[in-house]
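Colleague: Okay, here's the structure, questions in a sec.
The values are calculated or read from the model by the stated rules, or taken from the named source; none is laboratory data. Bear in mind the structure is a predicted one, so any value in this text is a computation, not a measurement. Neighbour counts run over all protein chains shown; Cβ positions are idealised from the backbone, glycine included. What goes into the accessible areas is simple: the full protein's heavy atoms, side chains included, and nothing from ligands, DNA or RNA. Shrake-Rupley method; radii C 1.70, N 1.55, O 1.52, S 1.80 Å.
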Amino acid sequence: MDDPLLSVHDLSRSFGAFLACDRVSLDLRAGEIHALIGPNGAGKSTLIKQIAGELAPDSGSIRFLGRDVTRLGTARRARMGLARTFQVSSVVPEFTVRENLVLALASGQAGFPGVWSRAMTDSALTDGADAVVARLGLAHRSGIVASELAHAERRKVEIAMVLAQRPKAFLLDEPMAGIGTEGSAEMTDLLADLRHEAPVLLVEHDMDAVFRLADRITVLVSGRVIASDTPERIRANADVRRAYLGDGPH
Amino acid sequence: MNRETLANTVILAALAGIPVLAHLGGEPFVITLATRIAILGLAGVGLNLALGHGGLVSFGHAAFFGVGGYAMGVLASHAQAWTPLATWPVEIPGTNLMPVIWLTAILAAGLLSLVIAALSLRTRGVYFIMITLAFAQMAYYFAISWPAYGGEDGLSIYVRNRFPGLNTLDPIQFFAVCFTLLCLTLALMSRITGSRFGLLLQATRQNPARVEALGVQTYRIRLFAFVLSAMVTGLAGALYADLNRFVSPSMMSWQMSGELIVIVILGGVGRALGPVAGAGLYVLLENQLGGISDHWQIFLGAVLLWVVLFARGGVLGMLCDRRSADG
Ligand SMILES: Nc1ncnc2c1ncn2[C@@H]1O[C@H](COP(=O)(O)OP(=O)(O)OP(=O)(O)O)[C@@H](O)[C@H]1O
Ligand SMILES: [Mg+2]
């Protein structure tokens, strides 16, 4: 197989005396969904934050598209093609669904943003925004302000925003959190679709979704990788069952 | 026409119409009040870009207001005394031409704000408020201890500066100049806030982490907004000095920064014409209550408290619906 798109090598990060990320290594290859699972407080979000560039690691390195990005800022990494959703939906609350998407598209344009031509009547932006909105089945909610959306809808808007970025890799931190069973089923289909756009590093607690979607699973416990393998072998792994799956739905 | 557009039209029509009536009725004092409103409104429109759209609570905009004022004072005083401003490397004369003074004021405020913003924008929240205040205080004390231009006493300019083709000493003509600049700036602001930059600025105020994750360095967005904002306030400062034919360090005082914030809040934070409505209310209160008591600012404080507690959108927020998502 060719070089992974994204690779994390020996990443460590502590908060005071507490080691939240302990020599973690993992990679993300073209076309795959790589799930990252583990109990609460295992350090999953901490890892995602370091990959996204929001949190500096104490040691270790991150390579993306063949380049060492460990010291690069969040925005620079995003521009290279790293798109992420947050554990708590992160959209622009006072913007409508459509404005949020126009924002996502405008953010990707090269150079300093224009100060003169109107963004909301620029068809280069609005056409793309409307297309993504329609694709996610949000067309009828297009004019609603994000803060007034239902939780599951806001999640979808956030997914729509990262889709609009046309990234080279997706980092999704618990996209199913708190959206209900019906929402989860829909979201699972949506994520299965994302794989065709770019590979996905998926943090998720919903084991049904994880085992349906993932090509590979990495298990994190207390900041450390205890297993990384195919879904079948992870399901059979005794350590994993003890540490995590045992009290899960499987 | 929605309610805010209607309110905006009424505000501008009133601001333009009242001085015209006052001119016909021979009431120059009313024209001066309206000019004050236009100028303070313009300063507030500048601050509103940073404070309202960008969420950058600058407690130091008096520095830019004052720099605009001193740009006028310095240039005009040299023109008045027939002495050059500088002799090396080229001789730079003073000037009493308004357009040149305005440009200088805008550039000087822009440069100063670039330095202040580059440092202040590394902080957030209350630290940002404090550091902008600290920079403005530095500018204030610098002006006080600069004897060449009047020091503490300030600088008087005996004749109002010139604008080609106009008699600027005629109150209504000077008002027309200020009002025109206000309208041009409002049109410019409307383009800017509706542009891609404007969209990013508002998004940055509400959710900077999301904007960074979308690939935009929010620091640059904030920096640009702050500098633009200061430039507009600097222009207003030059006009204000010309209105009074006087500039002094008090234009840079923290009270002045506070007045500008009050004007923006009174009118409605983040609303296009909020600062104009706010300036109108402020000047009227000052004028009415100031006649009754020297401590009129106590009443102003009460009004302000009321706005902050019960009318979050300011005067315009009360007149119109809740904030329209103007993206
Ligand atoms: N900024 C911080 N300061 C101190 N401790 C932190 C900080 N961020 C995270 N932690 C700690 O690091 C550990 C890992 O947190 P993290 O959010 O990465 O867990 P997680 O695996 O994402 O958990 P969850 O499944 O609940 O989202 C937790 O014990 C948390 O309390
Ligand atoms: Mg987490």
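Colleague: Scan A:Val225, A:Val203 and give me the residue that is touching an Asp or Glu at 6+ places or on another chain (Cβ under 7 Å), at pLDDT 95 or above and within 16 Å of ligand 1 (Cβ to nearest atom).
Modeller: Only one candidate passes the filter, namely A:Val203.
Colleague: In the list B:Pro28, B:Pro19, which residue meets the criterion of being touching a residue at least 12 places away in the same chain (Cβ under 8 Å) and either open to solvent by 50 Å² or more (accessible area, probe 1.4 Å) or among the polar types (S, T, N, Q) (or both)?
Modeller: Criteria check complete, one pass: B:Pro28.
Colleague: Name the residue that is nearest to the chain's Cα centre (by Cα), counting only residues in the stretch B:198-219 that are surrounded by fewer than 21 Cβ atoms within 10 Å (Cβ to Cβ) and within 7 Å of chain A (Cβ to nearest Cβ).
Modeller: Step one: of the stretch B:198-219, the residues surrounded by fewer than 21 Cβ atoms within 10 Å (Cβ to Cβ) are B:206, B:208-209, B:217, B:219.
When the remaining residues are screened for being within 7 Å of chain A (Cβ to nearest Cβ), the result is B:206, B:209, B:217.
Numbers: B:Gln206: 24, B:Ala209: 30, B:Gln217: 27 Å.
By that ranking, first place goes to B:Gln206.
Colleague: Pick from the stretch A:31-56 the residues that are near ligand 1 (Cβ under 9 Å from one of its atoms) and assigned to a helix (DSSP H, G or I): which of them is farthest from A:Arg242 (Cα to Cα)?
Modeller: For the stretch A:31-56, the residue satisfying everything is A:Lys49.
Colleague: Restricting to the stretch A:171-185, name every residue that is away from chain B (no Cβ under 14 Å) and either touching a residue at least 12 places away in the same chain (Cβ under 8 Å) or within 16 Å of ligand 2 (Cβ to nearest atom) (or both). Explain how you work it out, then say what you get.
Modeller: Taking the stretch A:171-185 and keeping what is away from chain B (no Cβ under 14 Å), we get A:174-185.
A:Glu174, A:Pro175, A:Met176, A:Ala177, A:Gly178, A:Ile179, A:Gly180, A:Gly183, A:Ser184, listed by residue number.
Colleague: Does the stretch B:167-189 hold any residues that are more than 16 Å from the chain's Cα centre (by Cα), more than 12 Å from B:Thr32 (Cα to Cα) and open to solvent by 20 Å² or more (accessible area, probe 1.4 Å), and which are they?
Modeller: Matches in the stretch B:167-189: B:Asn167 only.
Colleague: Looking at this structure, is A:Asp127 acidic (Asp, Glu), within 16 Å of ligand 1 (Cβ to nearest atom) and surrounded by fewer than 23 Cβ atoms within 10 Å (Cβ to Cβ)? Lay out the reasoning, then the answer.
Modeller: On the way: acidic (Asp, Glu): yes; within 16 Å of ligand 1 (Cβ to nearest atom): no; surrounded by fewer than 23 Cβ atoms within 10 Å (Cβ to Cβ): yes.
Spelling it out, it is not the case that A:Asp127 is acidic (Asp, Glu), within 16 Å of ligand 1 (Cβ to nearest atom) and surrounded by fewer than 23 Cβ atoms within 10 Å (Cβ to Cβ).
Colleague: May I pose another question? So if I check each of A:Ala35, A:Ala42, which one is more than 14 Å from chain B (Cβ to nearest Cβ), over 23 Å from A:Ala192 (Cα atoms) and open to solvent by less than 30 Å² (accessible area, probe 1.4 Å)?
Modeller: Exactly one residue qualifies, and that residue is A:Ala42.
For (1) among the acidic types (Asp, Glu); (2) facing chain B (nearest Cβ under 8 Å); (3) touching a residue at least 60 places away in the same chain (Cβ under 8 Å), each residue gets a yes or a no:
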| residue | (1), (2), (3) |
| --- | --- |
| A:Arg71 | no, no, no |
| A:Thr85 | no, no, yes |
| A:Phe95 | no, yes, no |
| A:Gly114 | no, yes, no |
| A:Ser123 | no, no, no |
| A:Gly128 | no, no, no |
| A:Ala131 | no, no, no |
| A:Arg135 | no, no, no |
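Colleague: In the stretch A:1-26, how many residues are crowded, with 19+ Cβ neighbours inside 10 Å and touching a Ser or Thr at 6+ places or on another chain (Cβ under 9 Å)?
Modeller: 7
Colleague: Name the residue, out of B:Leu56, B:Leu51, B:Leu85, B:Leu42, that is crowded, with 24+ Cβ neighbours inside 10 Å and outside any helix (DSSP H, G or I).
Modeller: B:Leu56
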